[in-house]
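The values are calculated or read from the model by the stated rules, or taken from the named source; none is laboratory data. None of the values given here were measured: they were computed from a predicted structure. Every residue, glycine as well, gets a Cβ built from its backbone with ideal geometry; the counts of neighbours run over all protein chains shown.
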Amino acid sequence: MPDSTYIRRDYGCGTPKDLRNYKQWDEETSHGIIRKSNKGFIMTEYRNGHITDFNWYMKIKGNHIQFFYKNLEDEGKWKKGIKFKKASL
C-alpha cells in the first residue's frame, strides 16, 4: 500500500506581496492522512498526535488542485477554498 501521509507547512504571510519573503514568517507544520473519497481526496489533520476537527477535501483536475472546507453555517456542505496550479515537471 502506498504512503498516504502528508506534511503541510503554513506560513502566516500578511499579504500576497509578502509571499516572496515567506521564510521570515513563523512556520506551522501539520501532519495528516489522505484517503480517497468519491471524486476526490480527504486530508485528515493531526496536531500533537491528536486528530483535529478540521478536514480538507481536495479535487485534482488537469493542472489544478481545488481545496474545499466544511461550511460551519450550512452543516454538511463543502465550500470552495483555495485553488492551486500544479507545477509542471
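The one condition from (1) under 23 Å from Lys85 (Cβ atoms); (2) surrounded by 12 or more Cβ atoms within 10 Å (Cβ to Cβ) that Asn71 does not meet is (1). If the condition is being small (Gly, Ala, Ser) and closer than 19 Å to Gly62 by Cβ, then the stretch 25-41 contributes only Gly40.
Do you know which residues across the stretch 23-40 are out of contact with any Ser or Thr (no Cβ under 9 Å at 6 or more places or on another chain) and surrounded by 13 or more Cβ atoms within 10 Å (Cβ to Cβ)? The answer is Trp25, Gly40. Note on the stretch 11-64: enclosed strands (runs of 3 or more DSSP E) holding 3 or more residues that are of a type in the set (Ser, Thr, Tyr) and free of Cβ contacts under 8 Å to residues at least 40 places away in the same chain are 27-37.
Scanning the stretch 7-32 for residues that are aromatic (Phe, Trp, Tyr) and farther than 16 Å from Ile82 by Cβ gives a single hit, Trp25. Every test in (1) charged (D, E, K, R); (2) part of a strand (DSSP E or B); (3) modelled with pLDDT under 80 is passed by Glu75 save one, and that test is (2).
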